[in-house]
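As structure tokens, the structure follows; a few thoughts come after it.
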Amino acid sequence: MRPDGTDGVSELTFLMLDVVDEMRLLQPSASIQVSAQSPDAFLERATRIIATGFGQPSVFNHDLIVRELTRHGKSLEDARNGGSSGCVEVGAFGKENYNLTGYFNLPKLLELLLHDGKDPWSGQQLGPRTGDPRAFRTFDDLFGAFERQLRHFVAIKTHGNDVVERLFAERMPAPFLSLLIDDCIATGRDYHDGGARYNTSYIQGVGLGTVTDALSALRRHVFGTGAVSMELMLRGLEADFAGHERLRQLLLNKTPRYGNDDDAADDLMVRVFEAYFGAVDGRPNTRGGTYHINLLPTTVHVYFGSVIGATPDGRRAGAPVSEGVSPVQGADRQGPTAVLRSVAKMDQVRTGGTLLNQKFTPALLADDAGRRGLVQLIRTYFRLGGHHVQFNVVDADTLRAAQAHPETHRDLIVRVAGYSDYFCDLGRALQDEIIARTEHQAV
């Protein structure tokens, strides 16, 4: 988009896409920003590259990005000249210091509240005492305890961030960068000390799908049907479902799951989102700006899962949690359009970026009809208010073969989170997580 709001796609755009297609570079990572005005030919050229299967370019909704940035206080012209960078985060290019300050483990909060604020992994009282979960009479009682844990740890997180921000401002100035960012010279302040025109701090929420499905299981089976007592649920979680496989299968298969266009689950996703947004958004940072939220994991969803025990959605202890705003791996069973409708129920304009992964088999995008369908899928998601979507075009059998015989698959590139990488260079846990993502195929 040009500064006056008109379409910014040009002949140079297509030349750059040709280079992306030919070079297949991991870095710099390629993305496109699409507005309602963008010609279909632009998206169609990009989908031909996506169909080759190296995870690029990722696709962003520039109309929504402009709304996100103006909500954060940017001028309309600065917002139109801005966009996404890094993974999915947005900023006013050349005019803003926008920092990703670290990740926030949403499912861990649920584990803490189910143990009255005590961490079963370390044995330490990490969170506030929110009560014995066996004493909760309603689901609202439980969710209120979740919100108390959330507010407690957001306060700790932002306090730690403030200390780090002042360390950078006072001890680690960036004079060269300050020359390049608007208003640092005019204000006489360093880039790290509030000199930029805009100053934003983001906190990245992780595990939205996992915590949604876990809460859905508790609401349905403990507080709804009463088929599972809280005591039985806690015993099953403590045992990592050993000796409780019937319970685990009930949780996995008879629970409303996020990503299936099912309001019984999706309204809980929205409730978690609203609680997280309310705890973070608008808090002041030390540079004259404010905090906002992102929902992206990079690869920390694997590590976060490794420090969480079994969860009420049937997930086993140590398994990765969900990534970005994507559903739990394998939990979305109604096709890609149902995923998009579920995710779009979140008010993404109030974020600074969300990350959605989808995985298609190569056969689905092997012809013009399949690629045109992908164009319309993207258009529809963006009309619904989606911020970002990216695609792996590879089948699970190929990935398993690469695990078994990496020497013959050294050129296999996959989309991980906000970046692509060689599949054989990833750790085993991350490889397994990518394989486990739902695979959409032609029928």
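The values are calculated or read from the model by the stated rules, or taken from the named source; none is laboratory data. Note that the structure is predicted; figures quoted are calculated from it, not measured. Using ideal geometry, Cβ is built from the backbone for each residue, glycine included, and neighbour counts are taken over all protein chains shown.
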Taking the condition of being closer than 24 Å to residue 103 by Cα, surrounded by 16 or more Cβ atoms within 10 Å (Cβ to Cβ) and among the charged types (D, E, K, R), how many residues in region 384-430 meet it? 2
Considering each residue of region 274-283, count those that are in contact with a His (Cβ under 8 Å, 6 or more places away or on another chain) and either surrounded by 19 or more Cβ atoms within 10 Å (Cβ to Cβ) or among the aromatic types (Phe, Trp, Tyr) (or both), and give that number. 1
From the list 54, 60, which one is crowded, with 21+ Cβ neighbours inside 10 Å and in contact with a His (Cβ under 6 Å, 6 or more places away or on another chain)? 60
With 69, 110 as the choices, which residue is closer than 30 Å to residue 198 by Cα and either out of contact with any Leu (no Cβ under 7 Å at 6 or more places or on another chain) or assigned by TED's automatic domain parsing to the domain that holds residue 346 (or both)? 69
Could you tell me which numbered condition residue 104 fails, if it satisfies all but one of (1) closer than 14 Å to residue 291 by Cα; (2) in contact with a helix residue (DSSP H, G or I) (Cβ under 6 Å, 6 or more places away or on another chain); (3) hydrophobic (A, V, I, L, M, F, W, C)? (2)
Please work out which one of (1) at pLDDT 95 or above; (2) aliphatic (A, V, I, L, M); (3) over 18 Å from residue 381 (Cα atoms); (4) surrounded by 15 or more Cβ atoms within 10 Å (Cβ to Cβ) is the condition residue 30 fails and give its number. (1)
Checking the conditions here, which among 226, 195, 131 is more than 29 Å from the chain's Cα centre (by Cα), part of a loop (DSSP other than H, G, I, E, B) and more than 30 Å from residue 258 (Cα to Cα)? 195
So for region 286-306 (the condition being touching a Gly at 6+ places or on another chain (Cβ under 6 Å), in a loop (DSSP other than H, G, I, E, B) and among the basic types (Lys, Arg)), does at least one residue qualify? yes
Kindly indicate whether residue 116 is of a type outside the set (Lys, Arg), assigned to a loop (DSSP other than H, G, I, E, B) and under 27 Å from residue 27 (Cβ atoms). no
Can we say residue 271 is surrounded by 14 or more Cβ atoms within 10 Å (Cβ to Cβ), closer than 19 Å to residue 316 by Cβ and in contact with a Ser or Thr (Cβ under 9 Å, 6 or more places away or on another chain)? no
Sole exception among (1) in contact with a Leu (Cβ under 8 Å, 6 or more places away or on another chain); (2) under 16 Å from residue 386 (Cβ atoms) for residue 38, by number: (1)
Would you be able to say whether some residue in region 181-192 is outside the structural domain of residue 84 (by TED's automatic domain parsing), surrounded by 15 or more Cβ atoms within 10 Å (Cβ to Cβ), within 30 Å of the chain's Cα centre (by Cα) and not in a helix (DSSP H, G or I)? yes
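Per-residue answers, yes or no, for (1) at pLDDT 90 or above; (2) within 19 Å of residue 57 (Cα to Cα); (3) in a helix (DSSP H, G or I):
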residue	(1), (2), (3)
392	no, yes, no
407	no, no, yes
414	no, yes, no
421	no, yes, no
424	yes, no, yes
431	yes, no, yes
434	no, yes, yes
443	no, no, no
Looking only at region 17-26, decide whether some residue is under 19 Å from residue 84 (Cα atoms), out of contact with any Pro (no Cβ under 8 Å at 6 or more places or on another chain) and either exposed (fewer than 14 other Cβ atoms within 10 Å of the Cβ) or of a type outside the set (A, V, I, L, M, F, W, C) (or both). no
Report yes if some residue within region 362-373 is in a loop (DSSP other than H, G, I, E, B), in the same structural domain as residue 58 (by TED's automatic domain parsing) and modelled with pLDDT under 95; otherwise report no. yes
Does residue 44 satisfy the criteria of being under 26 Å from residue 385 (Cβ atoms) and surrounded by fewer than 21 Cβ atoms within 10 Å (Cβ to Cβ)? yes
So in region 1-16, with the set limited to residues that are loosely packed, with under 13 Cβ neighbours inside 10 Å and in contact with an Asp or Glu (Cβ under 9 Å, 6 or more places away or on another chain), which one is farthest from residue 55 (Cα to Cα)? 4
Could you pull out the residue among 286, 298 that is at pLDDT below 95, assigned by TED's automatic domain parsing to the domain that holds residue 336 and either surrounded by fewer than 22 Cβ atoms within 10 Å (Cβ to Cβ) or not acidic (Asp, Glu) (or both)? 298
Out of 139, 104, 143, which single residue is under 17 Å from residue 280 (Cα atoms) and in contact (Cβ under 8 Å) with a residue 60 or more places away in the chain? 104
Counting only residues in region 315-330 that are surrounded by fewer than 24 Cβ atoms within 10 Å (Cβ to Cβ) and in contact (Cβ under 8 Å) with a residue 40 or more places away in the chain, the one nearest to residue 378 (Cα to Cα) is identified as 330
